[in-house]
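The next block holds one structure in the form of structure tokens; read it before the comments.
A short reminder: the numbers here are calculations on the coordinates, not readings from a lab. Only a predicted model underlies this, so the values are computations on that prediction, with no experimental measurement involved. Cβ coordinates were reconstructed from backbone atoms using ideal geometry, including for glycine residues, and neighbour counts include every protein chain displayed.
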Amino acid sequence: MREIVFDTETTGLDPQSGDRIVEIGAVELSNHMPTGKTYHQYINPLRSVGEEVVKVHGLTEEFLSDKPTFEEICDDFMAFVGSDAYLVAHNASFDMNFLNYQLKAAGRPVFDESKVIDTLVLARKRFPGSRVNLDDLCRRFGVDNTQRTKHGALLDSELLAEVYLELLGGQEPALLQSGLNQPSDFEGVLEAIKTFERKEPRVFPISEDDARNHQAYLDKLKNPYWTEMAERKE
């Protein structure tokens, strides 16, 4: 499964009021693991950039004045995403609102929002009542965000990819110990699974009273899960 973790920086909060994207950053994941492929582009919004917004991302009108427009770069970005990937973003409705608005204005097809994963929603479900902005989640999961002095689309995408992985439950320790953190090393993963050292189960002797009590408890259970699974296998 391919996923594109992405982020945008903009001139404001509302594309319908004239605000535009000034930066897009994205990283590719395959089976929830980074492939090393990234996309990054600064964009000339063809409009002014307010001082308050510049304080957030540091992208001035002067800096953006010689950059390509969204219409000039949108095909490259869409090609990077491809037709098979899910889009992953933090507060995804904000980014998708801008992205699809400008794609439509450029005469391009918009992205299907049914294939969008919002890490803000995932974080709120996992940590109800807690602060779940990107910096807070980085601190919670021990993700190094010391380089994040201002918002930047590519850096934020890279940080979010790590946070997203943690929200999904973290990386498999056995694979990390084997140094296999790239999906392209599929054969190596299979070999690691085959050669993974498994210890023999330990046997703990119990008394006859304990055995009787245990069996009496099992006899009280109706349709236990392991019986159902055994019947399915048969």
Inset, instruction - Go through the residues of segment 57-67 one by one and say whether even a single one is of a type in the set (Gly, Ala, Ser), in contact with a Gly (Cβ under 9 Å, 6 or more places away or on another chain) and surrounded by 22 or more Cβ atoms within 10 Å (Cβ to Cβ). - result: no
Legend entry - Number of positions in segment 60-108 that are closer than 20 Å to Gly12 by Cβ, touching a residue at least 24 places away in the same chain (Cβ under 8 Å) and of a type in the set (Ser, Thr, Tyr): 3
Legend entry - Where Pro45 falls short, out of the listed (1) out of contact with any helix residue (DSSP H, G or I) (no Cβ under 9 Å at 6 or more places or on another chain); (2) assigned to a loop (DSSP other than H, G, I, E, B): (1)
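Considering only residues that are charged (D, E, K, R) and either farther than 23 Å from Ile4 by Cβ or not in a loop (DSSP other than H, G, I, E, B) (or both), which ones fall in segment 48-95? First the steps, then the outcome.
At the first step, the residues of segment 48-95 found to be charged (D, E, K, R) are 51-52, 55, 61-62, 66-67, 71-72, 75-76, 84, 95.
Hits for segment 48-95 are Glu51, Glu52, Lys55, Glu61, Glu62, Asp66, Glu71, Glu72, Asp75, Asp76, Asp95.
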